[in-house]
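> Sharing a structure below in structure tokens format, with a few things to ask.
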Amino acid sequence: MKIANSLKTKISAGFLLLIFMLAIAGIMLVMEFEKVETSAETIINNNCTSIEQAQNMLNAMDQENKGLLVLLEGNREEGVKIIMTADSIMNHAIKIAAQHVSEVDEEKYIEKIKDEYGKYYTFLLSFIEKDSITTLTESDHFFSTYQQLNFATKDAINTLLQINEKGVKKQTLSMRDNAKRAIMPAIVSLITAAIFALLLNFFISEYLINPIRNITDAVSSFYPEQYNLKVTAYTKDEIKKLENEINNLIHRFHHIKNTMNDKNEKN
Amino acid sequence: MIRTKAILKYLGFILLFNALFLCISASISLFLHEDSFIPLLYGALVCAVLGIFPQLFVERIDDISFHEGMAISVLGWILTCLTGMIPYFMWGGEFTLANALFESVSGFTTTGASILNNVEILPKGLLFWRAATHFIGGIGIILFVLAILPEKKGIRSSIYHTEVSGLSMLNFRMKAKEIANILVVIYLSLIAIEIILLKIFGMNWFDALCHSFATVATGGFSTKNQSIAYYNNVWIEIIIMFFMLISSIHFGLIYNTIRGRKLNIFTSGVVRSYVMVIFIGIILVAAQLTFEKVYSFGESLRYAAFQVISLGTTTGFSIVDTPTWPIFAILIQMYFTIQCGMVGSTSGGLKFDRIYLFFKSLIKQIRLTKHPQGIYAIKVDGTLIDNDMELQTAVFILLYIITFFATTLMLTAMNIDGITAFSAAITTLGNAGPGFGRVSSLGNYSGLPDAAKYILSGNMLLGRLEIMNIIVFLTMLSRKH
């Protein structure tokens, strides 16, 4: 590798490398934190919404149970009103949950809820239209079917709830990993930058401070009869130029001194 | 006087070499859209920046002293292991600081001991880097650098002499440059041949490449949780056994065999003894397994051959979990983790040649005791061994035993059971990899405390750098002060 000759170039290149590395670390940091943000958004926008809607669905189911009880107590108008409101809440929750799908097969589970709820609600409507239960057998059949359909719907809703809770856990772990990864470039950069600073300090001392000190020592121990500074600079940088210029100055000084001596001798 | 700038310049070359392999690994990750891309790229960047920096400042240096060579060699290994852990540490998962360091040191020193419970979840780029650490460390990163450095008087030989033990040079009568080039060419050729053979017999290209790196480097990192047992393919096992064995033999002798020289792997007394000892080991283990009715005769021979060659060459691949084997079979295998491969090969640890020389010295001493006036000389493959070499070998063996006992003691002090502590100490010092107890052939080192992992990482480096080099380096530091 060709070595840069100018000391200025060398030091500038050193600092540029350091800046470049820190800039890359900064970019990585931003990128990784964006991933953390994305994970957080996924949790808030999708998983949490789905969990919230699943809970709304369960509440709606409870409301429908309540409506049925009111209906059975003989308050038909009030019971139907409660059931209709709950159905509206249920359909709205299903619609919103379908718009915030984030987990694998979540759409399939929402379809299952729709299907199970459809069966359950159709059965409930048929009862509302029929208006009364006349025999004990009919009553047994109604409640056992009702319970079966109700549980099947609730199971489907609970599955949706569970997969989203698992999703939250997964996303949180992913956030933790991404946050760790986001911090890592910063830690590694700090350590590398510290090593880099030590190296830079060493090279500046080796290639700038020490040669200047050597030249200073050589100048301070200079005696008038001497023609060259006793300094050996191995590099071809500004320090070597300085040494050459001091030697030229000494030569010029000797030349002037010799010329003046010659003139004095002639006079 | 040691010139720091000279050391920094050559350490920079070593880091640039690491950066090259990290870039290849990052490219694989980029191509496969893996999340290991950024950790690998950043590792490459750190190595490149720290490697380029000294090249900018330090002028051309045409002579390097022995002490500078020693410092480059020791610091080169330490620096390589430290920078090699960056991608692991940044990627996360099972890689904590201690785990990342352990995995990196294990890779570069070709030990093959792992802390990973699930290797198969690692991205391909990181798996490639893991295998590449074996590839780089296998022949010694310093030798790679020597092979690519322009020829300069004094540089190659002074670094080379600290990297390759005196014993391994007995069979060479060539320049350091020539030896470095021979070692690298043989190393690359063996890897290329093994990749092709493994592909032919059923491995995919990626696995064939990673396993070839690990085999020829006598490392032992696999891309599968079950190591070679995953393939359950006798032909793959035979190929790997052959390459493990050949890679644990002095590369100079392999070169001599190819060139048709008189001293070759067939005529060398050391190689013959080495192969004979391994053969006896296989027969003993197979016989024990058959008589104890652990397996049928065929299975016993298959498992015994693979496990003995794997541990005897310090590779560490497995096709069966061995802790359930009878104690005699376990002890035989433990002996092989102590014996290790030959000098001048890619294996680390004590090395068979030293044991061979030690026994020859023992016979000489017995003869001298019987006939004090007699003059006895030791010859190894036609080379006369002087008293200094005998003494060095004895001192090395002593140091090895002291280090091993010290490590075992430290591990047992951390409440690690005796068999695990004993085998972990000996397998890491011998750069073999799997041990017994909690660190068995299909197990790993993840369950050990962090302090134990740091100690064992140091052990692996001591095994790779042959202890004495580190002691000399530390002495140099204290003298400087």
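> Considering only the range B:36-59, state which residues are in contact (Cβ under 8 Å) with a residue 24 or more places away in the chain, within 8 Å of chain A (Cβ to nearest Cβ) and not in a helix (DSSP H, G or I).
B:Val58 - this is the single residue of the range B:36-59 that is in contact (Cβ under 8 Å) with a residue 24 or more places away in the chain, within 8 Å of chain A (Cβ to nearest Cβ) and not in a helix (DSSP H, G or I).
> Hey, another quick one. Taking the criterion of being exposed (fewer than 14 other Cβ atoms within 10 Å of the Cβ) and either assigned to a helix (DSSP H, G or I) or more than 10 Å from chain B (Cβ to nearest Cβ) (or both), would at least one residue in the range A:163-170 satisfy it?
Yes, the range A:163-170 contains at least one residue that is exposed (fewer than 14 other Cβ atoms within 10 Å of the Cβ) and either assigned to a helix (DSSP H, G or I) or more than 10 Å from chain B (Cβ to nearest Cβ) (or both).
> While we're on this one: Would you tally the residues in the range A:171-222 being more than 30 Å from A:Glu34 (Cβ to Cβ) and either part of a helix (DSSP H, G or I) or within 14 Å of chain B (Cβ to nearest Cβ) (or both)?
Residues in the range A:171-222 being more than 30 Å from A:Glu34 (Cβ to Cβ) and either part of a helix (DSSP H, G or I) or within 14 Å of chain B (Cβ to nearest Cβ) (or both): 23 in total.
> Assess whether B:Tyr295 counts as being aromatic (Phe, Trp, Tyr) and free of Cβ contacts under 8 Å to residues at least 40 places away in the same chain.
yes
> Would you point out which residue out of B:Ala451, B:Ala413, B:Ala424 is in contact with a Lys or Arg (Cβ under 9 Å, 6 or more places away or on another chain) and of a type in the set (Gly, Ala, Ser)?
B:Ala424 is the lone residue from the list that is in contact with a Lys or Arg (Cβ under 9 Å, 6 or more places away or on another chain) and of a type in the set (Gly, Ala, Ser).
> Here's something else I'd like to know. Kindly evaluate B:Ile375 against the criterion of being part of a helix (DSSP H, G or I) and out of contact with any Phe, Trp or Tyr (no Cβ under 8 Å at 6 or more places or on another chain). Don't jump to the end; show me each part of the working.
Values: part of a helix (DSSP H, G or I): no; out of contact with any Phe, Trp or Tyr (no Cβ under 8 Å at 6 or more places or on another chain): yes.
No: the conditions fail for B:Ile375.
> Right, here's the next one. Can you list residue pairs whose Cβ atoms sit under 7 Å apart, with the first residue in the range B:402-415 being charged (D, E, K, R) and the second being surrounded by 13 or more Cβ atoms within 10 Å (Cβ to Cβ) and modelled with pLDDT of 95 or more? Count only pairs 6 or more apart in sequence or on different chains.
Pairs found: none.
> Taking the condition in a helix (DSSP H, G or I), modelled with pLDDT under 85, within 12 Å of chain B (Cβ to nearest Cβ) and over 20 Å from the mean Cα position of the chain (by Cα), does A:Leu18 pass?
Yes; evaluated as a whole, the condition is true for this residue.
Let's see how each residue does on (1) within 15 Å of B:Gly138 (Cα to Cα); (2) free of Cβ contacts under 8 Å to residues at least 24 places away in the same chain; (3) small (Gly, Ala, Ser):
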site: B:Leu188; (1), (2), (3): yes, yes, no
site: B:Ile191; (1), (2), (3): yes, no, no
site: B:His211; (1), (2), (3): yes, no, no
site: B:Val216; (1), (2), (3): yes, no, no
site: B:Gly220; (1), (2), (3): yes, no, yes
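> May I pose another question? Report yes if some residue within the range A:10-28 is among the hydroxyl-bearing types (Ser, Thr, Tyr) and surrounded by 14 or more Cβ atoms within 10 Å (Cβ to Cβ); otherwise report no. I'd like the intermediate steps shown before the answer.
As a first pass, look at the range A:10-28 and keep what is among the hydroxyl-bearing types (Ser, Thr, Tyr): A:12.
Pick out the ones that are also surrounded by 14 or more Cβ atoms within 10 Å (Cβ to Cβ) and you get none.
Checking the range A:10-28: not a single residue is among the hydroxyl-bearing types (Ser, Thr, Tyr) and surrounded by 14 or more Cβ atoms within 10 Å (Cβ to Cβ).
> Going through B:Ile249, B:Ile196 one at a time, which residue ends up being on the phi < 0 side of the Ramachandran plot and part of a helix (DSSP H, G or I)?
Result of the check over B:Ile249, B:Ile196: B:Ile196.
> Report, by residue number, each residue of the range B:449-481 that is assigned to a loop (DSSP other than H, G, I, E, B) and either within 22 Å of B:Cys340 (Cβ to Cβ) or modelled with pLDDT under 85 (or both).
Scanning the range B:449-481 gives B:Leu465, B:Glu466, B:Ile467, B:His481.
> Of the conditions (1) under 30 Å from A:Ile187 (Cβ atoms); (2) surrounded by 14 or more Cβ atoms within 10 Å (Cβ to Cβ), A:Glu41 fails just one. Which one is it?
Of (1) under 30 Å from A:Ile187 (Cβ atoms); (2) surrounded by 14 or more Cβ atoms within 10 Å (Cβ to Cβ), only one is false for A:Glu41: (2).
The values are calculated or read from the model by the stated rules, or taken from the named source; none is laboratory data. Just so you know, these numbers come straight off a predicted model, no measurement behind them. Note: ideal-geometry Cβ built from the backbone for every residue, glycine included; neighbour counts use all protein chains shown.
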